[in-house]
Structure formats: structure tokens, C-alpha cells
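Only one structure is covered here, and it is reproduced in the block below.
Rule-based calculations on the coordinates, nothing more; no lab input. What you are looking at is a predicted structure, and each value in this text was computed from that prediction instead of being measured. As a convention, Cβ positions derive from the backbone with ideal geometry for all residues, glycine included, and neighbour counts pool all protein chains shown.
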Amino acid sequence: MGTPLKKIICAVDFSPLSDSVVQYAATMHTTGAKLIVLYVAPEELKENNEEEMLRRHLHEFSRYSDILSQHRVHALFTVQHGEPAAGIIDYAQEQNADMIVLGSHGNTAIARLLMGSTAETVMRKAPCPVVILKTPVNGKSTNESESEPNTLQENNKQSNGTT
């Protein structure tokens, strides 16, 4: 990439794959860049007890602290509510993000046809480049294996001018 990244959105869903996504985003982080770890909670999970919901999200986010501290990366953690793909895209637009990093659970083509894929939708509609990490074949997170996360897709609209 020619221009330095100033703002990276790292979308997580609190699954084991999200550890690899945070690890990869931390390696993409450069001095002066802002890393935002984003969780988009489905609207139906929004609770009346906001304090309990906040406590649960903070607990989930806390597991990324070790990963980020290994890279000396400071991050902002945020929760949005709504449909995950739309929430990621909207937040990236609001924040004027330079890159989105997220994982793909590798659902089958039939599942994607029936329900759609969050990663695929984000890749097609995002206002900035998107890096999608697929689930490792052996099912281990990056912390458990010696290899780097396997990059499935990188969409860079700015370089090819397509949407």
C-alpha cells in the first residue's frame, strides 16, 4: 500500500477466529494509526439491562488485550447493534476507515446462497480495502499454530477503481 493506514477497523464476532483477526490487524497497525475493534451485535441481543450487556462485552474484548499488547498496539473497542455486514460497512464509512479486517467462517456455497455471507457482503460494499481471513484448516487459532493467518481475499477498490 502506498499511503500509510491511519484507521483500521477490525471486525470481530468473539469466535476463536476473531483471535487470528485481531492478531493480523495488530501486525497491520503502524505508528500513528488508530485500530478500532468492532463488534456488531444483532439487534435482538440488545438487552434492557445495558450495564450487564456492557459487562459481557468488556469481558469478551478483554481477551484481545494480550494479543494487542504483544504488538504494543492501543485499540478502541466499540459495539454497534444491527445486521453485522451493514453495521461494519456503516461504521467504516462513519469513521472514514482506511482498511477493514475480518474473518470468514468458510460457510458452504449453499449456506451463502440462503443466508448470505457477512464477509462477502462487506467485501463487495465496503468504502475501503478489505482483508478477509479464512478459518484455519486445522481449526487452530494463530496463537496455537506457527503460521500466519491465511488471507482469503483482499479487496482494494482504490487501486482498481471497481465497486
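Taking H placed 1.01 Å from N in the peptide plane, check which residues at least 5 places from LYS134 or on another chain put their amide H under 5 Å from its amide H.
SER104, ASN150, LEU152
Go through the range 76-86 residue by residue and turn each phi into a ³J(HN,Hα) via Karplus (6.51, -1.76, 1.60, θ = phi - 60°); whole Hz please, and just put x for glycine and proline.
9, 10, 9, 10, 10, 10, x, 6, x, 4, 5
Just want the ordering: LEU35, LEU102, LEU58, LEU68, from fewest to most Cβ atoms lying within 10 Å of their own Cβ.
On the way: LEU35 23, LEU102 27, LEU58 11, LEU68 20.
With the fewest neighbours first, LEU35, LEU102, LEU58, LEU68 line up as LEU58, LEU68, LEU35, LEU102.
For a quick check: sort ASP13, ASP66 by the number of other beta carbons within 10 angstrom, fewest at the front.
Fewest-to-most ranking of ASP13, ASP66: ASP66, ASP13.
If each residue's Cβ is checked for other Cβ atoms within 10 Å, how do HIS71, HIS105 rank with the fewest at the top?
HIS105, HIS71
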